Each structure stands twice: as structure tokens, then as C-alpha cells.
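Accompanying notes for the structure given below.
Where a number appears in this text, it was derived from the coordinates with a stated rule and is not lab data. Here the structure is a predicted model, which means the values were calculated and not measured. No Cβ is skipped: glycine too gets one built from the backbone with ideal geometry, and neighbour counts run over all protein chains shown.
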2 protein chains.
Amino acid sequence: MTKQLSKNEQAILIFKALADPVRLEILHYLKQCDHDVSCGEVGQAIGISKTSGSYHFKLLQTAGLITARKESREKYVALDQSTFEQVVGHFWDNL
Amino acid sequence: MTKQLSKNEQAILIFKALADPVRLEILHYLKQCDHDVSCGEVGQAIGISKTSGSYHFKLLQTAGLITARKESREKYVALDQSTFEQVVGHFWDNL
DNA sequence: ATAATAGTTCAAAATATTTTGAACTATTTA
DNA sequence: TAAATAGTTCAAAATATTTTGAACTATTAT
């Protein structure tokens, strides 16, 4: 059961997720990929430990900025711009 | 001499500024005002100390989310949506 | 000149976020 | 079955952010 968030709470989640250089690097890497890629690949590409990666991917996922699918051992992630558009697009209206 | 920021650094500054409930309250209050208002008025309205207010107003100002003008003893602040539009509007393009 | 008022600055304390490494689960390969 | 691989979880350590109160500047009012 995932708690239902208000517009503001959701916005804060997204802004927090975006307010970090490592996570922007992740998103930047994902943007260059048309296909979805494994967490390991991304982590290696930007040079972070897998523990740290796990932490950041979870945050991005919770914020709705990436989608993730588990295939056997690996987790494949991809950019999801739609949440951003929805929440940040109407940010000033909802404020 | 204010350091020149990259697009990403500016974006992080804005996202950090927006990733906080107190600062969203400030922006929310400012949104309701057509005129600019004193820091004291805002602080009182949302119930924060003036020291804390000073801290948050500085952050918002640095991020370019508010404008400020000093008139005699008081500092009048107002919403500035334009920076947000410029930086966040092209966020995915610049990423 | 003295008081009061609006806001800033500073350093310390309180909180929150991020990184790290070890131990863990689950899956695949030898 | 045993070893290797991908990722998660946990708690501790390292950092970063936020709050607090006292001391400060500058302006206005008595």
C-alpha cells in the first residue's frame, strides 16, 4: 500500500530527486539511450558503486522519473518524462 | 563577482530551492499577492522566525525564483516565474 | 539621543541526505 | 552442486541542509 500523495508532496519528491548531480547524470545517460538499460551499465558509465546506484535508482523511481522492469537478474531502467510533465508542467497552477 | 553557472548547476539550484515545504509555502503566499510584500509579512503569515525567513528568502533569490527590492528598513519580495520557465522549461533539452 | 523595528550574519545544534562496506536474495553459469 | 553475477538491505560514517538564538547594521519613531 503506497501512500497517496498530494500534488505538493509529489512535486517535492520530484524536485528532490532532480536536485542532485549524480541523479542528473543518471538521467542524462538514460536520455541518450533509446532502449532501456541495466542499472549496472548506468552505474559503471557514471562511476558509482552499486549500493549508491541502488539508492539513487530507487529515489528516481519513487519520484516517477524512471520506469523499471526486472528481467532475470537485472533491472532495466528508462527515462519517464510523463510524470515530470504532469506535475512540473502544472506546478505554478497547483501551487 | 557572482560565479557563472552552467545550465545544470542553475537547474540544481532551482530544484533544491523548490524541494522544501517551507519555501513552497513562501511561493504559495507570494502567488496570492499581486503586489510585492515584505519578508516580515510573509514570515508571519506562514509562521517562521525571521532568521529562518532570511535564510529561505536568500535561497529563493539566489535560485532566481523571487525578486527583491529594499525600501528603507524592509525588503519586498515577489514571485519571479521567468527563471523557472527558462531553466525548467528546457530542462530535458539541456539535460 | 534613545527606543523600536526589519532584516542579516554567525556559529552551534538539530535534521536530513548520501556514501560506504558487509551481509543478504535471487538468478545464471561452470 | 558450487561459484559468479546483479541488485537490495542494513547500519554506520560522512556530508549537507535547516533551525535556533545572540549579536549585529541600518532605518525610523519618540
Residue count, segment B:18-40 (criterion: surrounded by 15 or more Cβ atoms within 10 Å (Cβ to Cβ), near DNA strand C (Cβ under 10 Å from one of its atoms) and more than 9 Å from chain A (Cβ to nearest Cβ)): 2
Tally, over segment B:41-95, of residues that are within 10 Å of DNA strand D (Cβ to nearest atom) and either at positive phi or hydrophobic (A, V, I, L, M, F, W, C) (or both): 4
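One line per residue, one yes/no per condition, for (1) closer than 23 Å to residue B:7 by Cα; (2) of a type in the set (A, V, I, L, M):
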position: B:46; (1), (2): no, yes
position: B:55; (1), (2): no, no
position: B:58; (1), (2): yes, no
position: B:74; (1), (2): no, no
position: B:79; (1), (2): yes, yes
position: B:89; (1), (2): yes, no
Residues satisfying the stated conditions in segment B:44-85, i.e. within 14 Å of chain A (Cβ to nearest Cβ) and more than 13 Å from the chain's Cα centre (by Cα): B:46, B:85
